[in-house]
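Input: a single structure, listed below in structure tokens.
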Amino acid sequence: MVLTNGNEMFKAARDGQYAIGAFNTNNLEWTRAILAAGQATNTPILIQTSMGAGKYMGGYKLVQNLVANTIESMNITVPVVMHLDHGNYEAAKEAIEAGYNSVMFDGHDLPFEENLEKTKEIVKLAHAKGISVEGEVGSIGGEEDGIVGAGELADVEEAKQLAATGVDYLAVGIGNIHGVYPENWTGLNFDRLKELADAIDTPLVLHGGSGIPKEQIVKAISMGIAKVNVNTEQQIAWSDAVKEYYNAGNDKKEKGFDPRKVLAPGTKAIQDTVESRIDWFGTPSI
Ligand code: 13P
């Protein structure tokens with residue numbers, strides 16, 4: 001079974017001190033590029049949609065079908081987890097119904113008690129169907145699809161309580177930010193990561209993986225991060241490749257305006273970016 005939940009995969013990653021990349025998709029080409037990178041490196045991969053991307057693509061059911069059918073048509077054989085990124089309560093329930101293998105319930109903007117209660121409910125619903133759940137403690141900085149976080153550090157006591165709900169992985173705020181890191185960013189807070197990792201065995205998730213220097217990512221993985229989310233780097237790689245195609249006047253050469261030709265370099269750039277991050281994360285081939 002290629003499509004699978006992330007339970008064992010991420011536990012093994014935390015135990016083995018490596019991470020599995022979680023890459024956001026936006027359309028058919030992105031889906032193909034991410035799956036191709038997993039297959040080319042022969043490593044497990046997690047493909048995810050934010051709520052915004054899910055809406056853009058036509059809903060969770062369509063996304064789930066797209067990923068499942070693309071896996072089949074590309075003869076993908078590595079394990080793939082289909083995951084909802086930063087879902088609110090309703091979105092998490094919808095994605096569970098649509099057949100996702102894994103959902104994030106992001107209750108960081110709720111009062112902590114409510115985050116805890118709703119996380120418990122999602123865990124119950126998801127686990128009854130063999131679906132994994134990611135929780136979040138301490139908001140991730142920056143903005144992604146309208147989800148804005150100030151980037152506070154995760155509280156260790158709150159992390160323990162969220163871990164006790166049975167979430168399969170937990171996103172922790174350790175100074176990480178979604179999107180492009182500002183010049184004055186001070187880096188990941190390894191002291192807080194150590195406190196969190198000492199307190200709980202749950203595989204930990206690093207959001208905002210784009211733009212963090214490789215040494216910091218490698219160190220964070222050695223300390224308990226088992227899932228690293230990357231989105232912006234693929235977007236930039238895609239955008240640069242498309243720009244280069246037009247700047248070189250390729251659209252004017254031999255039917256270069258054909259979308260299949262226009263989209264090919266961007267798709268390749270996404271695949272290359274994903275493969276390079278799989279290498280950084282030390283994901284072992286299967
Ligand atoms: P970046 O866009 O900063 O890589 O963050 C991705 C992410 O954390 C998705 O949840």
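Just so it is clear, none of the values below were taken in a lab; they were calculated from the coordinates. Bear in mind that the values here come from a model prediction, so they are computed numbers and not experimental data. Neighbour counts are summed over all protein chains in view; Cβ atoms, including those assigned to glycine, are modelled from backbone coordinates with ideal geometry.
Lys/Arg Cβ at +1, Asp/Glu Cβ at -1, dipole of the chain taken about the Cα centre: which of Leu35, Met82, Trp185 is farthest positive-ward? Farthest towards the positive end: Leu35. Considering all alpha-carbon pairs of the range 7-281, what whole percent are spaced by more than 35 angstrom? Taking all Cα-Cα pairs of the range 7-281, the fraction more than 35 Å apart is 13 percent. Percent of alpha carbon pairs in the range 1-137 separated by more than 18 Å? Within the range 1-137, distances greater than 18 Å cover 52 percent of Cα pairs. Here's the picture: a label point sits 7 Å out from the Cα of Glu72 along the beta-carbon direction, and within the range 1-39 the residues with their amide nitrogen under 17 Å of it are 1-4, 32. According to the Cα-based calculation, Rg over Rh for the range 22-89 is 0.95, with Rh computed by the Kirkwood formula. With respect to the chain, whose longest principal axis is taken over its alpha-carbon atoms, helix 232-247 is tilted by about 10°. Dipole size of the range 11-162 about its Cα centre, with +1 on Lys/Arg Cβ and -1 on Asp/Glu Cβ: approximately 780 debye, rounded to the nearest 20.
Qualifying GluC sites (Glu not before Pro) in the range 215-278, where qualification requires a DSSP coil assignment and no more than 12 other C-beta atoms within 10 Å, comprise Glu254. Taking 25 Å as the straight-line reach from the Cα of Lys219, the lysines in range (excluding those fewer than 8 positions away in the same chain) are Lys11, Lys160, Lys194, Lys227.
Between 0 and 90 degrees, the angle of helix 7-16 with respect to the longest Cα principal axis of the chain falls at about 80 degrees. Between Asn231, Val2, Ala220, the Cα set farthest toward the positive side of the dipole of the chain (charges on each charged residue's Cβ, about the Cα centre) is that of Val2. For the range 119-253, the Kirkwood estimate of the hydrodynamic radius, built from every pair of different alpha carbons, is 16.3 Å.
Projecting the Cα atoms of Ile270, Ala91, Ser132 onto the charge dipole of the chain (Cβ charges, centred on the Cα centre) puts Ile270 farthest toward the positive pole.
Could you work out how far helix 28-41 tilts from the main Cα principal axis of the chain, as a 0 to 90 degree angle to the nearest 10? Computed tilt is about 80 degrees.
Taking the Cα centre of the chain as origin and assigning +1 to Lys and Arg Cβ atoms and -1 to Asp and Glu Cβ atoms, the resulting dipole is close to 1060 debye. Where both bridge residues fall in the chain, DSSP classifies roughly 10% of the beta bridges as antiparallel.
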